[in-house]
Amino acid sequence: MESEVRKLLDKAEKLVDECVNCSSEDCDECEDAEELLNEIRDKIQSIQDKKVARRLSVFLDDLENKLESKLG
């Protein structure tokens, strides 16, 4: 599960970067990034190892904050 979440986080990071670089607030990448971040949050909550889950959550929080700053 951890490796799957890491792959999804990498994909989400690319989407968030594309969203941030998009000139419009109505970019498909922004919507896709939001959906993927929600999916990742659900997967992280199901990870049994709390240390791993917490470490992944920190990275997820950074991506969510970056996306929020773009979308307002």
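The values are calculated or read from the model by the stated rules, or taken from the named source; none is laboratory data. Keep in mind the model is a prediction, meaning the values are calculated, not measured. We place every Cβ from the backbone using ideal geometry, glycine too, and count neighbours over all the protein chains shown. Keep in mind that these areas ignore ligands, DNA and RNA; they rest on the heavy atoms of the full protein, side chains included. Shrake-Rupley method; radii C 1.70, N 1.55, O 1.52, S 1.80 Å.
Within the chain, list the GluC sites (Glu not before Pro) lying in a DSSP loop whose Cβ has at most 14 other Cβ atoms in a 10 Å radius. Walk me through the numbers on the way to the answer.
Working: sites: GLU2, GLU4, GLU13, GLU18, GLU25, GLU29, GLU31, GLU34, GLU35, GLU39, GLU64, GLU68; in loops: GLU25.
Counting only loop positions with at most 14 other Cβ atoms within 10 Å, the GluC sites (Glu not before Pro) in the chain are GLU25.
Rounded to two decimals, what is the ratio between the C-alpha radius of gyration of the chain and 2.2 N^0.38 Å?
Its radius of gyration relative to the 2.2 N^0.38 Å reference: 1.09.
Can you give me the solvent accessible area of ASP10 with a 1.4 Å probe, rounded to the nearest 10 Å²?
Answer for ASP10: close to 80 Å² accessible.
Treat every Asp and Glu Cβ in the chain as -1 and every Lys and Arg Cβ as +1, leave all other atoms uncharged, and give the resulting dipole magnitude about the Cα centre to the nearest 20 debye.
For the chain, the charge dipole is close to 640 debye.
Could you point to the residue in ILE44, CYS22, LEU67 farthest towards the positive end of the range 1-71's charge dipole, with +1 and -1 charges on the Cβ of Lys/Arg and Asp/Glu respectively?
The one lying farthest along the dipole's positive direction is ILE44.
Mind checking the full-extension length gain between CYS22 and GLU35? Use 0.36 nm per residue of separation minus the Cα-Cα distance, one decimal, nm. Intermediate values should be presented prior to the final figure.
Numbers: separation 13, 0.36 × 13 = 4.68 nm, distance 1.72 nm.
This chain segment gains 3.0 nm when fully extended.
Compute the angle between helix 50-71 and the longest alpha-carbon principal axis of the chain, please, reported from 0 to 90 degrees and rounded to the nearest 10.
Compared with the principal axis, the helix lies near 10 degrees.
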